[in-house]
Each structure stands twice: as structure tokens, then as C-alpha cells.
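Before anything else, here's the structure in question.
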Amino acid sequence: MSEEKETNNKKGFRLLGILDVQNTPCAREAVLHGAGGSVVAGLGHFLATSRVRRSFDVGMAGFLLTTLASWCYCRMNNAKLRVQQRMIQDGLKNKVVYEGTSLDPAVRPGTDASCGPS
């Protein structure tokens, strides 16, 4: 009985049956930004022109453009963050490997690291 509840909790919310919003990175924020963009674009167009059908079309276009732009921006930031994390991890690994050897980048060439203060 408890296993069924756990599997139901792990499924998440599916948008239109294709996009798992809970488990897809940046999806929730992108959909929320898109909803706000659609309201602003549709309502702004309706207040400017009083054309209902065209305002709906502008709202849908605003939703699509805002959602895609927000999703791409978030994914690019996540990719940049992963690259930075990988560089830091490699640097820490190299520091541990080379620490105390002649290849240690912290030790300047021409100075004797084994000598204490004179």
C-alpha cells in the first residue's frame, strides 16, 4: 500500500500529458513566466484595440515566446553553472594530486619550498 503512494508521489505533474513539470529542469518557472507573459500581452492588446479574437492570438503568442525564452535562458544558465562546477572539481582534484610535488602550481619556480624561514 505504501509503495503505491510513493510511486504516485514520484510521477509529478504532467502538462498536456507530455511535459513532466516537476522533474524537468526549468519547466515550472518557464510555464509560470509564460502565463504571466500571455496575460500581459493579451490584456495589453485588448485594452489597446478592443479586438477579442486577435487579443487571444496575441496572448497565445506571448505565452509561447515568453515560455521558450525563459526556458532557454534558464537552461543556458544551468549549463554554464555545470561547466563552472566541473572546472572547480577538476581544479580541486588536481590540487590534491599535485600538492607537495614539484608540479604544484602554488609553488613558484626558483624558490625552495622545503626551507623554512631564515
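For every residue, the table says whether it meets (1) farther than 23 Å from THR24 by Cα; (2) loosely packed, with under 12 Cβ neighbours inside 10 Å.
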site	(1), (2)
HIS45	yes, no
ARG53	yes, yes
GLY59	yes, no
THR67	no, no
SER70	no, no
CYS74	no, no
GLN84	no, yes
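Next question, about the same structure. Check whether at least one residue in segment 14-27 is surrounded by 13 or more Cβ atoms within 10 Å (Cβ to Cβ), of a type in the set (Val, Ile, Thr), at pLDDT below 70 and in contact with a helix residue (DSSP H, G or I) (Cβ under 9 Å, 6 or more places away or on another chain), and report yes or no.
yes
The values are calculated or read from the model by the stated rules, or taken from the named source; none is laboratory data. Fair warning: this is a prediction, and the values are worked out from it, not measured in the lab. Counting neighbours? That spans all protein chains shown, and the Cβs are built from the backbone with ideal geometry, glycine included.
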